[in-house]
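> Here it is, the structure in full.
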Amino acid sequence: MIYFIGNTAIHESPHYQLATIDDVVDYCSTKTILGIDTETEGLDFTCKKMIMFQIGDEENQYIIDTRYISIEPLRNILEDNDIIKIFHNVKFDYKFIKKWSGITCQGVYDTFLVELVNSCGKGIGYALKDLCKRYFNVELSKDVRNKFVNLNGKPFDNNQIIYGAKDVEYLCKIRELQIPVTEKYRLQNVVKLENEVVLAFADIEYNGLDLDKEQWNSIESQSMKNAEILMINLDQMIIENNSLNKFTYEYIQTDMFTPADELRKVNVKWTSPKQVLEVFKTFIPKLENVNGKEMYKYRFKFSIIDEYIKYKEAMKLYTSYGQTFLKNLSDDEKIHTNFHQILDTGRVSSSKPNMQQIPADNKFRNCFIAPQGWKFVSADYSSQELNVIAFGSKDPVWIEALKKGEDLHSTCAELVYGDEWINSAKDNCAYFKNKTKCNCPKHKKLRTNVKTINFGLAYGMGPNKLSNTLNINVEGAKALIEKYFQAFPAIKGFLDKLGNFGKKFGYIKTFPPYNRRRWFINWYPKMWNNSLAKMELGSIERASKNTPIQGASADMTKRALALMRIWIKDTKVPVKLVMTVHDQIDTICKDEYLDKWTVIMKKIMELAAKEIVTNGLLKAEVTVNNCWTK
């Protein structure tokens with residue numbers, strides 16, 4: 001049955017009955033599972049209002065017109081951890097509920113996230129309309145949903161009220177059908193994790209980040225100047241190269257305002273891939289495009305291509321992190337990113353804006369500042385993915401180096417290069433004194449080579465990628481990888497085992513206790529017998545090697561986020577979650593609580609890590625600053 005709670009001028013309808021907010025509280029207080037949805041004026045919670053709140057189960061659904069009726073009487077129900085509240089994409093609803101009622105929902109179950117967990121990698125639709133079609137063969141009408149925008153105080157019509165009720169009813173039914181799938185694949189732990197951490201992500205999105213616009217604008221000006229200098233350098237390279245004469249003007253049209261020596265003599269628009277391709281085809285006739293991947297092959301063979309890559313990087317900084325970025329400021333003058341909580345590996349991405357792609361250069365991050373009387377307190381794991389690899393492979397050298405706090409990359413380089421490493425040591429080499437990173441010139445190069453492989457293991461790096469990264473030929477890259485695995489057979493065995501598992505079974509799992517699954521949608525039984533499937537098998541093998549490493553790392557960061565949010569809420573301390581990027585979690589904390597929070601934050605990070613890397617070697621570092629830092 002549908003019940004409507006709102007403007008008393010609305011009369012009862014054959015489609016629903018009128019009720020009061022007390023009726024809603026009385027009914028919902030007796031339930032342990034409830035479906036919840038909202039309808040809003042728009043997508044931005046900072047300036048658009050929640051206008052409808054729906055709650056109930058399969059039997060009864062209550063539609064509350066929040067323009068007239070407060071949902072404050074439902075606070076105890078919404079904040080009760082023992083009552084399961086089912087949402088679809090809870091982050092969206094959570095932010096509107098918190099903004100316009102001050103209520104923070106607890107004990108949530110997100111059908112959107114659970115569907116992602118149950119079918120991770122399958123690439124099926126995850127919107128509510130997709131689930132309704134898949135589970136019930138029901139088509140949800142977008143037309144009704146779109147009618148909630150620009151109502152301007154008009155009463156809801158029958159279709160809108162029925163639409164709101166159906167969403168709640170479907171949520172309860174979807175959960176019933178998801179649970180057996182979760183149990184079949186033993187995904188209960190990861191479902192619980194995602195449903196807990198989603199509230200932390202929602203808080204980060206809600207809290208947002210303050211941005212120093214004046215400082216940001218000054219960086220934009222410098223980025224523009226850097227790009228202009230590089231463009232001038234590219235022009236000069238064209239002018240000085242006789243084989244590129246056709247790309248210069250034969251005659252230059254001057255005017256009375258601009259001196260002739262300041263006019264461009266080059267007829268190439270460096271922001272046009274088509275024009276740049278024509279230039280580079282002069283010395284690479286088979287070149288098909290000038291995208292990043294293609295250019296890196298030739299970067300160190302042709303100085304003009306190296307300069308062009310620098311120009312593109314400078315232009316990206318100017319175009320992406322200038323005035324364009326400031327368009328992401330919300331009505332409250334803060335940056336509120338949007339997290340995509342479950343990628344195929346289990347990692348997280350963000351958009352509008354993508355805070356994970358903010359340049360590593362701290363001059364950009366430092367523009368995000370803490371309010372007066374607060375500080376940024378950030379924690380990140382030390383060599384998180386390397387610790388995961390060491391734990392998974394049980395490689396004795398890696399584990400011993402991590403135990404002793406030695407520089408792992410140098411330790412690995414010594415084993416890979418042997419006599420070459422020993423003979424390259426300078427007097428007072430720090431590595432040979434105490435196994436720390438040294439400044440020996442040759443050691444730096446050899447260490448960088450091995451470091452590239454160490455980190456590349458987490459991303460399925462092959463010879464071609466290593467070749468491009470280190471600027472060596474593919475044969476040299478193959479030889480280096482072979483030499484590396486001769487030195488670390490346990491790591492090779494670990495990765496081969498993962499790769500073979502994925503090829504054999506068509507899925508891969510992360511480490512216990514979460515055992516997140518990633519399905520390979522193009523896999524089929526005995527596909528390894530089909531020569532045509534060679535490329536696909538290679539892709540499955542690479543994904544099978546890197547997913548457990550990246551996924552386990554993501555799982556522990558998510559666990560730390562969830563534990564932090566619980567601590568902050570339960571103890572009511574003056575701390576807010578404001579950002580996370582891969583292995584780093586950022587909070588702001590009031591000055592008077594800094595000493596206590598730095599200790600607590602470190603403990604929480606390491607407690608979460610120990611659930612997965614049970615040897616306790618993975619540690620966290622905590623820093624305090626006035627602004628966001630890497």
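The values are calculated or read from the model by the stated rules, or taken from the named source; none is laboratory data. Nothing here was measured: the structure is a model prediction, and the numbers come from that model. Cβ: placed from backbone, ideal geometry, glycine included. Neighbour counts: every protein chain shown.
> Scan the range 311-336 for residues that are assigned to a loop (DSSP other than H, G, I, E, B) and surrounded by fewer than 20 Cβ atoms within 10 Å (Cβ to Cβ) and jot them down.
Gly322, Lys327, Asn328, Ser330, Asp331, Asp332, Glu333
> Hey, another quick one. Working only within the range 1-32, note down all residues that are part of a strand (DSSP E or B) and at pLDDT below 90.
Across the range 1-32, the qualifying residue is only Ser13.
> List every residue pair whose Cβ atoms lie under 8 Å apart, where the two residues are 6 or more positions apart in sequence or sit on different chains, the first residue falls within the range 425-438 and is more than 13 Å from Thr411 (Cβ to Cβ), and the second residue, located anywhere, is buried (at least 17 other Cβ atoms within 10 Å of the Cβ) and among the hydroxyl-bearing types (Ser, Thr, Tyr).
Listed pairs, sorted by first residue: Ala425/Tyr431.
Results for (1) surrounded by fewer than 22 Cβ atoms within 10 Å (Cβ to Cβ); (2) of a type outside the set (Phe, Trp, Tyr), shown as yes or no for each residue.
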{"site": "Thr448", "(1), (2)": "yes, yes"}
{"site": "Ile453", "(1), (2)": "no, yes"}
{"site": "Leu470", "(1), (2)": "yes, yes"}
{"site": "Phe485", "(1), (2)": "yes, no"}
{"site": "Phe501", "(1), (2)": "yes, no"}
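> Hand me the list of strands (runs of 3 or more DSSP E) wholly inside the range 525-630 holding 3 or more residues that are of a type outside the set (Lys, Arg), buried (at least 17 other Cβ atoms within 10 Å of the Cβ) and under 22 Å from the mean Cα position of the chain (by Cα).
575-581, 584-590
> Which one of these does Ile97 not meet: (1) touching a Gly at 6+ places or on another chain (Cβ under 8 Å); (2) within 26 Å of Tyr126 (Cα to Cα); (3) not hydroxyl-bearing (Ser, Thr, Tyr)?
Unmet condition: (1).
> OK, next. How do the pairs read when you match residues in the range 123-140 that are loosely packed, with under 13 Cβ neighbours inside 10 Å with residues anywhere that are not in a helix (DSSP H, G or I), using Cβ under 6 Å and keeping only pairs 6 or more apart or on different chains?
So the pair list comes out as Gly123/Ile521.
> In contact with a Lys or Arg (Cβ under 6 Å, 6 or more places away or on another chain) and not assigned by TED's automatic domain parsing to the domain that holds Ile549: is that true of Gly460 in this structure?
yes
> So, one more: Could you please find all residues in the range 440-461 being charged (D, E, K, R) and closer than 28 Å to Ser544 by Cα?
The answer is Arg447, Lys451.
> All but one of (1) assigned to a strand (DSSP E or B); (2) free of Cβ contacts under 8 Å to residues at least 60 places away in the same chain hold for Gly35; which doesn't?
The failed condition is (2).
> Quickly run through the range 405-432 and pick out the residues that are of a type in the set (Asp, Glu) and either outside the structural domain of Leu480 (by TED's automatic domain parsing) or not in a helix (DSSP H, G or I) (or both).
Glu406, Asp407, Asp427
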